[in-house]
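In what follows, a single structure is set out as structure tokens and then discussed.
Each reported figure results from applying straightforward, stated rules to the coordinates on display, with no laboratory input. The structure displayed is predicted, hence computed values, not measured ones. Cβ atoms come from the backbone with ideal geometry, glycine included; neighbour counts cover every protein chain shown.
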Number of protein chains: 2
Amino acid sequence: MAAAPEGPSLADLGEWQLIDRLAAFAPAGQFDDDAALLTCGGPLVVTSDVLVEGVHFSDATTAGFDVGWRAAAANLSDLAAMGCTGALGLTVGLVAPGATPWPWVEAVYIGLQACVERQGGVLLGGDCSGGAQRLLAITALGNLPRSTSGEPQAIRRRDGRPGDLLVCTGPHGLSRLGLALLQQEEQLERRHLPQALIERALERHQRPCPRFDAVQALRCQQPKGTSWRVAGTDSSDGLAAAAAAIARSSGCRALLDHRRLPLDPAMANLAQAEAWCLGGGEDFELVLALEPPWAEALVQHLPGSAVIGALVAATGDGQHLAWLGEQDRPLPGDGGGYEHFS
Amino acid sequence: MAAAPEGPSLADLGEWQLIDRLAAFAPAGQFDDDAALLTCGGPLVVTSDVLVEGVHFSDATTAGFDVGWRAAAANLSDLAAMGCTGALGLTVGLVAPGATPWPWVEAVYIGLQACVERQGGVLLGGDCSGGAQRLLAITALGNLPRSTSGEPQAIRRRDGRPGDLLVCTGPHGLSRLGLALLQQEEQLERRHLPQALIERALERHQRPCPRFDAVQALRCQQPKGTSWRVAGTDSSDGLAAAAAAIARSSGCRALLDHRRLPLDPAMANLAQAEAWCLGGGEDFELVLALEPPWAEALVQHLPGSAVIGALVAATGDGQHLAWLGEQDRPLPGDGGGYEHFS
């Protein structure tokens, strides 16, 4: 997929010239000191992710630009999932073998920069080292808005209560379809798919957008006279895993309504649609638990969002996820995500 | 050196049990959300480092506890080098092959926690993944004090001026001696070394301490009526590299006084003493450029600190480091540090 880029290798450049080149992706002078200096006016959110070649991305299916974009987007999505409405920026640790071509690294940083600057952030700093495989270690930072009384308006997994409605901010499964297309998975009959769906699925997989806009909508739709209480997480590990995580942390049970599964209409006929909607992962939408008036106001004003179920009291059997009114339907797994150490 | 620890491997545990075990090193509930929430009352400093097995540490010479301690200390030292007087905490990205024994990882996190808690910080969060080699990606965060008028009291490399004195906060070279002992370097005649020196060198290499105490002393000794202007960096890449970095960023020339080299008296007789003092690296002291009254007050009140030279106007030949009054003496290199991509 990605043609081998030409140009000097990292070993040709050496560490100091590499750092000079990487500094060009940050504001002038940003890389001059031992660390980055930020102004920070209130509560701060910080999140770190590592993305390893062969585990989280593959040079065969993902171009350098998309590796950078997706790495930034995954971290920024965690900021949105905590209630941030934008990003201050991120630091990047780059590890790569000396033979790695500079044009690949350049493309990664162009992608990182494009994604973070779209959200108002900058490249704050970082580090680089040789190593056996390509790897990005990202830390993202964001400010959290405060209420007029000064309380941080955070979204926490643990803040759900029985009676809350579960809302997701968009359809699920499209990113997994994009991955299947890139990996040329055999069970996928590509020739039966409309070209427009193929393009949307690839776009969704390669260029996910953190849902800061959904956090803005959530804030705008808070019913007057209510206090801030929002439970939530992002759906990077899959929709079912996100609902189960909120339920587990909140000491509740999440009931998913099978008739309200947030399938993308264009992929509803696919045999894998339901499985990928529930467990495909990497859609980077938000899953929220809200009091019904707030939930209803949000889905009315945020296109693509929908009520998908509700939180109810836990039953004591340790099962945090179930179908609403359909006890015989097999449950989606709630383990979430990939097993990175097997 | 480090016996192979027994116990389950990371593949035996699986990712979710591993995360549960790692969460025990952080405050209760800290790992429950997509990201960590901090209260942050002013300017913030953030720094990231990656430490790769075979490049930055070796299982043969460094026990897990020391890998963790040194990784935390290197990042915290960057906070001190920016003027922080302590740490809020750090995030840790862990990458390791599935066969890695859990007891090694546990020892690393015990070391990380011991170092960061000693400076008032906590483990804020992180991520983990399988990968081809062991690796830690650390991001450290610290608050920066402000002046009464609200200005951040940062230490920047670029703030030096001709006429400033260069001060370092402690002797240099001991960490490199510790490394030579651990690596059993042939040219080192260990049997001629006093046992007390051996122990101090190993301690210095394995358990470096970020010099937040020196930043406190610097702040206490600021002459009355002067405004905040401190140039500096830490000496992680070597003393000569630190002085050259300040000079380069400040558009000056650093003159090192050969008669004031900060050798540790106990290693002054070693053939390598001067080379290791100037270029050994990883002593994690601070090198500062200060107006003479401030420099003199600091060295008078901070045991172990010393004036080692001065900044003068640049000469336009691009050479940022020279000996004071000894033009024929060979210059130490100012490239600094190791070449990680060769």
Using label points projected 7 Å from each Cα along Cα→Cβ, tell me how many nm separate A:H258 and A:R207, to one decimal.
3.8 nm
Taking chain A and dividing mean pair separation by its residue count, relative contact order in percent (alpha carbons under 8 Å, at least six apart)
21 percent
Of the trypsin sites (Lys or Arg not before Pro) in the range A:190-257, those whose Cβ has at most 11 other Cβ within 10 Å and which sit in DSSP loop:
A:K224
Sites matching GluC sites (Glu not before Pro) across the range B:6-75 that sit in DSSP coil, with at most 16 neighbouring C-beta atoms within 10 Å:
B:E6
What FRET efficiency, computed as 1/(1 + (r/R0)^6) with R0 = 41 Å and r the Cβ-Cβ distance, is obtained for A:W323 and A:A60, rounded to the nearest 0.05?
0.60
Nearest 20 debye, what's the magnitude of the dipole of the range B:120-228 about its Cα centre given +1 on Lys and Arg Cβ and -1 on Asp and Glu Cβ?
280 debye
What is the P(r) of the range A:10-143, as percent of Cα-Cα pairs per 5 Å bin from 0?
2, 11, 22, 24, 20, 13, 6, 2, 0
Can you bin chain B into rounded, prolate or oblate? Criterion: square roots of the alpha carbon gyration tensor eigenvalues sorted a ≥ b ≥ c, rounded for a/c under 1.5, prolate for a/b above b/c, oblate for the rest.
oblate
Expected integer from the mean partner chain Cβ neighbour count at 10 Å over A:47-57 is 6
In debye, nearest 20: dipole of the range A:10-143 around its Cα centre with unit charges on the Cβ of K, R (+) and D, E (-)?
360 debye
Amide H within-cut-off set for A:D59, under 5 Å, with H built and near neighbours excluded:
A:G54
Taking Cα atoms, the helix B:102-118 axis meets the longest principal axis of chain B at an angle in degrees (rounded to 10) of 40 degrees
In nm, spacing of pseudo-spin labels at A:Q300 and B:R146 (7 Å Cα→C-beta vector)
4.1 nm
Given the options A:G111, A:L124, A:A36, identify the residue whose Cα lies farthest towards the positive end of the charge dipole of the range A:10-143 (+1 on Cβ of Lys, Arg; -1 on Cβ of Asp, Glu).
A:G111
Long-range amide H partners of A:V122, meaning residues 5 or more apart or on another chain whose placed amide H is closer than 5 Å, are A:G89, A:L90
The range A:57-134 - charge dipole about Cα centre, Lys and Arg +1 at Cβ, Asp and Glu -1, debye rounded to 20
60 debye
Can you list, shortest first in nanometers, how far A:A313 lies from the same residue in the other copies, with each label 7 Å from Cα toward Cβ?
8.3
Could you tell me which Cys residues in chain A have no other cysteine's Cβ under 4.7 Å from their own Cβ, answering none if every one has a partner?
A:C84, A:C115, A:C128, A:C168, A:C209, A:C220, A:C252, A:C277
Given the rule -39500 (n - 2.57) for each run of at least 4 DSSP H residues, summed and divided by the residues of chain B, what is its mean residue ellipticity at 222 nm, to the nearest 500 deg cm²/dmol?
-9500 deg cm²/dmol
Order these peptides, A:306-316, B:169-179, B:101-111, by their mean beta-carbon neighbour count within 10 angstrom, highest first.
B:169-179, B:101-111, A:306-316
7 Å from Cα along Cα→Cβ at both A:E291 and A:E186: what's the point-to-point distance in nm?
5.5 nm
Could you tell me which GluC sites (Glu not before Pro) in the range B:217-313 are loop residues by DSSP with no more than 14 other beta carbons within 10 angstrom of their beta carbon?
none
Shape verdict for the range B:111-266, please, from the Cα gyration tensor: rounded (a/c under 1.5), prolate (a/b greater than b/c) or oblate.
oblate
Taking the label point as lying 7 angstrom from Cα along the Cα-to-Cβ axis, what are the distances from A:G120 to the corresponding position in the remaining copies, in ascending order and in nanometres?
3.0
How high is the relative contact order of the range B:10-143, in percent, counting Cα pairs under 8 Å that sit 6 or more residues apart?
41 percent
Beta bridges by DSSP in chain B, antiparallel share as percent, to the nearest 5:
70 percent
When a/c is below 1.5 the answer is rounded, else prolate if a/b is larger than b/c, else oblate, so apply that to the range A:80-200 with a ≥ b ≥ c taken from the square roots of the Cα gyration tensor eigenvalues.
oblate
Scattering curve values for the protein assembly as shown, log₁₀ I(q)/I(0), Debye with Cα scatterers, q = 0.05, 0.06, 0.08, 0.12 Å⁻¹
-0.26, -0.37, -0.64, -1.28
Computed over chain B: longest principal axis from alpha-carbon atoms vs helix B:195-206 long axis, angle to nearest 10 degrees, is 70 degrees
